[in-house]
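In what follows, a single structure is set out as structure tokens and then discussed.
Only the coordinates and a few stated rules stand behind these numbers; no lab work does. None of the values given here were measured: they were computed from a predicted structure. Positions of Cβ are generated from backbone atoms using ideal geometry, with glycine treated the same way; all protein chains shown enter the neighbour counts.
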Amino acid sequence: MTRPAREDLLPATRRVLLLAIEARRDEPDTVRRLRGQLERLDEPLRVAIAGKVKAGKSTLLNALVGERVAPTDAGECTRVVTWYRDGLTPRIVMHPTAGDPVPLTVRRHDGSLVIDLDGTPAEELDRLVVDWPAQSLRTATLIDTPGIASLSTATSRRTVAFLDPDDETPTEADAVVYLMRHLHAADASFLESFRDQGVARATAVNTVAVISRADEIGAGRVDAMVSARGIAQRYRNDPTVRGLCQNVVAVAGLLAETGRTIRQSEHAALTELAGVPRERLDADLRSVDRFLAGSDGPPAAVRHALLQRFGIFGIRLSATLIRQGAQTPAALADELVVRSGLRELQRVLATQFAQRRGLLKARSALLAVESVVRGDQRLAGEVERLLAGAHEFTELRLLAALRSGAVPLPRAAAQEAELLLGDAGTAPGTRLGLPPDAPAAEQVRAGFAALERWRRLAVNPMFGRTATDACHVLVRSCEGLLADLEHAR
Ligand SMILES: Nc1nc2c(ncn2[C@@H]2O[C@H](COP(=O)(O)OP(=O)(O)O)[C@@H](O)[C@H]2O)c(=O)[nH]1
Ligand SMILES: [Mg+2]
């Protein structure tokens with residue numbers, strides 16, 4: 001039984017990087033870039049949060065971190081690409097396009113981190129790097145990007161340059177969470193341009209789409225999140241969208257951010273509102289103006305603050321939850337987070353990104369090598385060999401092809417194939433479509449059954465070349481999976 005080079009991918013990538021450094025030893029710039037790639041292999045995954053201005057990127061980043069570290073106003077600093085890394089102590093460093101890095105004062109105001117650029121215009125900065133002690137940043141460094149408004153503005157250009165650079169400067173992010181309020185044409189073309197890069201071409205494996213500000217769908221009606229999930233489901237099944245990203249989830253970032261940072265005083269104010277006769281409160285919540293003018297319950301200043309933190313939908317939902325028994329801030333917070341869709345996004349990020357860390361890292365590094373190998377037959381050969389030899393990349397390409405409908409397999413077989421290729425997560429049990437707690441013996445049995453099935457399909461005379469090739473890849477995936485199970489015993 002051949003053993004796919006599953007855990008060998010990172011060492012092999014490291015070897016290719018070292019070869020490239022050796023081959024380019026006379027070019028200090030190239031060597032520096034490649035050394036950077038080498039270090040990057042050991043760092044957490046880099047996940048960029050992208051999308052149009054005001055899509056809710058910074059808010060969602062805060063929800064993921066669980067603290068308000070990313071400014072959500074329209075200040076100068078929101079126009080700079082900002083990295084949030086796990087660190088022992090809070091630290092902010094400004095990296096100008098020219099000159100040495102400059103540390104900034106770490107200051108908090110009203111529960112939020114304040115990033116004051118000391119008068120430096122955003123145009124003069126390459127990036128800001130914030131070190132922040134946070135559990136969630138240990139698995140992934142999160143990168144907040146300025147919005148893409150139209151592709152002609154300077155800020156947008158910076159984001160595009162960061163996410164979708166030319167061949168000379170390979171991508172800095174290993175994966176992307178793309179926020180969109182609805183799928184616009186501009187969103188689709190951006191996703192496409194991000195996708196079409198060198199290594200592991202035409203794969204959507206490193207992109208997850210989020211329908212953001214989901215609570216605002218249908219003007220914040222109580223069933224907004226249900227509608228939003230329905231839209232996400234539709235996008236998930238749309239062939240174009242499936243070819244562009246791994247998954248689509250609906251998230252109300254504001255609800256999640258506030259849920260994770262709720263205060264006692266906010267719960268108290270909402271409890272007061274929940275005491276207002278229901279019809280009256282419902283009527284007040286029909287518009288922002290009516291709500292601000294409302295005379296029952298908390299004063300206008302408090303209402304204003306609640307609107308900023310919860311939005312109309314969040315206030316209505318919180319009042320309902322409190323009436324139904326969410327008597328403590330913690331109980332309310334839990335409910336808000338669950339209903340926001342944040343947990344589902346976290347689950348998707350864990351299965352699609354974190355479990356594929358090695359693969360995504362290797363992909364970024366090989367993109368970098370590919371950009372310097374031109375004219376070097378030997379190096380190009382090494383990259384080529386790694387790409388052709390590593391079964392993970394083959395799986396990735398096939399998954400992308402299946403998702404875009406380019407492989408003519410019967411529907412049931414195609415669905416099984418996507419699962420086997422790691423579409424829902426790369427653990428053997430998940431690939432085999434078994435429940436998470438399925439005993440090892442059952443996994444092995446299912447693995448052999450799948451292997452047999454794909455071997456038979458591989459010799460099905462009705463299948464053309466593309467489908468047959470796909471079956472052979474799946475046979476190899478089953479073999480690798482069985483080897484993994486054997487190894488784990
Ligand atoms: N109702 C609602 N408002 C949101 C949500 N996420 C963000 N916002 C608001 O939208 C505005 C822009 O958010 P921000 O995170 O700064 O967007 P960015 O420009 O993409 O970073 C802010 O006023 C947020 O409070 C959400 O899920 N629901
Ligand atoms: Mg922002």
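Can you list the residues of region 402-424 with backbone N under 16 Å from a point 7 Å past the Cα of residue 462, pointing along Cα to Cβ?
408-415
Across every pair of different alpha-carbon atoms, what Kirkwood hydrodynamic radius in Å does region 256-340 reach?
Working: mean 1/r = 0.0802 Å⁻¹.
Result for region 256-340, one decimal place: 12.5 Å.
Defining a contact as two alpha carbons under 8 Å apart and six or more residues distant in sequence, what relative contact order in percent does the chain show? Write out the running numbers ahead of the final one.
On the way: 788 pairs, mean separation 85.7, N = 489.
Averaging sequence separation for qualifying contacts and normalising by length gives 18 percent for the chain.
For region 435-489, what mean projected area does the convex hull of the alpha carbons give, in nm²?
Details: hull surface 15.9 nm².
That works out to 4.0 nm².
Using 0.36 nm times the number of residues separating residue 25 and residue 350, minus their current alpha carbon distance, what extension gain do you get? Write out the running numbers ahead of the final one.
On the way: separation 325, 0.36 × 325 = 117.00 nm, distance 3.78 nm.
Roughly 113.2 nm would be gained on extension.
If R₀ is 25 angstrom, what is the calculated FRET efficiency for the pair residue 93 and residue 139, using the beta carbon separation as r and rounding to 0.05?
On the way: r = 22 Å, r/R0 = 0.88.
So the FRET efficiency works out to roughly 0.70.
On a 0 to 90 degree scale, rounded to 10, what angle separates helix 329-340 from the longest Cα axis of the chain?
50
Pairing the Cα long axis of helix 264-274 with the longest principal axis of the chain, what angle in degrees results, from 0 to 90 and rounded to the nearest 10?
The two axes meet at around 70 degrees.
Determine Rg/Rh for region 1-154; Rg is computed over alpha-carbon atoms and Rh is the Kirkwood hydrodynamic estimate from the same atoms.
Values: Rg = 18.3 Å, Rh = 17.6 Å.
Reported Rg/Rh (Cα atoms, Kirkwood Rh): 1.04.
Between residue 452 and residue 489, what FRET efficiency comes out of the Förster formula 1/(1 + (r/R0)^6) with R0 = 25 Å and r the beta carbon distance, rounded to 0.05? Don't skip to the end; give the middle numbers.
Numbers: r = 21 Å, r/R0 = 0.83.
That pair, residue 489 with residue 452, gives E of 0.75.
Among 395-407, 357-369, 117-129, what's the highest-first ranking by average C-beta atoms within 10 angstrom per residue?
Working: 395-407: 19.9, 357-369: 23.7, 117-129: 15.2.
Per-residue mean Cβ counts within 10 Å order the peptides as 357-369, 395-407, 117-129.
Which FRET efficiency value, to the nearest 0.05, is calculated for residue 278 and residue 123 with the Förster distance at 56 angstrom and r the Cβ-Cβ distance? Mind showing how you got there, number by number?
Working: r = 52 Å, r/R0 = 0.92.
Given R0 = 56 Å and the Cβ-Cβ separation, E is 0.60.
Averaged across orientations, what area in nm² does the convex hull of the alpha carbons in the chain project? Numbers along the way, then the final one.
On the way: hull surface 103.8 nm².
The number I arrive at for the chain is 26.0 nm².
Run the dipole for the chain about the Cα centre, Lys and Arg Cβ at +1, Asp and Glu Cβ at -1, nothing else charged, and hand back the magnitude in debye, nearest 20.
On the way: 64 positive and 62 negative charges, 211 e Å.
That gives the chain a dipole magnitude of about 1020 debye.
For every other residue with a beta carbon closer than 12 angstrom to the beta carbon of residue 108, add +1 if it is Lys or Arg and -1 if Asp or Glu, then tell me the sum. Don't skip to the end; give the middle numbers.
On the way: positive: 68, 107; negative: 67, 110, 116.
Local net charge: -1.
Using every alpha carbon pair in region 371-431, what percent of pairs falls into each 10 Å bin from 0 up to the bin containing the largest distance?
All Cα pairs considered, the percentages come to 21, 37, 24, 16, 2.
GluC sites (Glu not before Pro) within region 405-489: which are DSSP loop residues with at most 12 other Cβ atoms inside 10 Å?
Working: sites: 416, 418, 442, 452, 479, 486; in loops: none.
Listed in order of number, the matching sites amount to none.
Read phi for every residue in region 305-321 and hand back ³J(HN,Hα) as whole Hz from Karplus 6.51 cos²θ - 1.76 cosθ + 1.60, θ = phi - 60°, with x for Gly and Pro.
Once θ is set to phi - 60°, the couplings for region 305-321 become 4, 4, 4, 4, 8, 10, x, 4, 4, x, 5, 4, 4, 5, 4, 4, 4 Hz.
Under 11 Å from the Cβ of residue 262, count the other residues' Cβ atoms, weight Lys and Arg +1, Asp and Glu -1, and hand me the total.
Details: positive: 260, 263, 309; negative: 257, 266, 334, 335.
Combined, the nearby Lys, Arg, Asp and Glu give -1.
Give me the number: length gained by fully extending residue 377 to residue 308, i.e. 0.36 nm times residue separation minus the C-alpha to C-alpha distance, one decimal in nm.
Working: separation 69, 0.36 × 69 = 24.84 nm, distance 5.81 nm.
Extending this stretch completely gives an extra 19.0 nm.
Return the percentage of antiparallel bridges among DSSP beta bridges fully within the chain, rounded to the nearest 5 %.
Numbers: 15 of 40 bridges.
Roughly 40 percent of the beta bridges in the chain run antiparallel, per DSSP.
Tell me the label-point distance for the pair residue 107, residue 227, using the 7 Å Cα-to-Cβ offset, in nm and rounded to one decimal.
Placing both labels 7 Å beyond Cα along the Cβ direction yields 4.2 nm.
Where a ≥ b ≥ c are the square roots of the eigenvalues of the C-alpha gyration tensor, would you call region 202-260 rounded, which needs a/c under 1.5, or, failing that, prolate if a/b is larger than b/c, or oblate?
Here region 202-260 falls in the oblate category.
Could you work out how far helix 28-40 tilts from the main Cα principal axis of the chain, as a 0 to 90 degree angle to the nearest 10?
Relative to the chain, helix 28-40 is tipped by roughly 70 degrees.
Run the simple label-point estimate for residue 330 and residue 388 please: 7 Å along Cα→C-beta, distance reported in nm.
In this crude spin-label approximation the distance works out to 5.9 nm.
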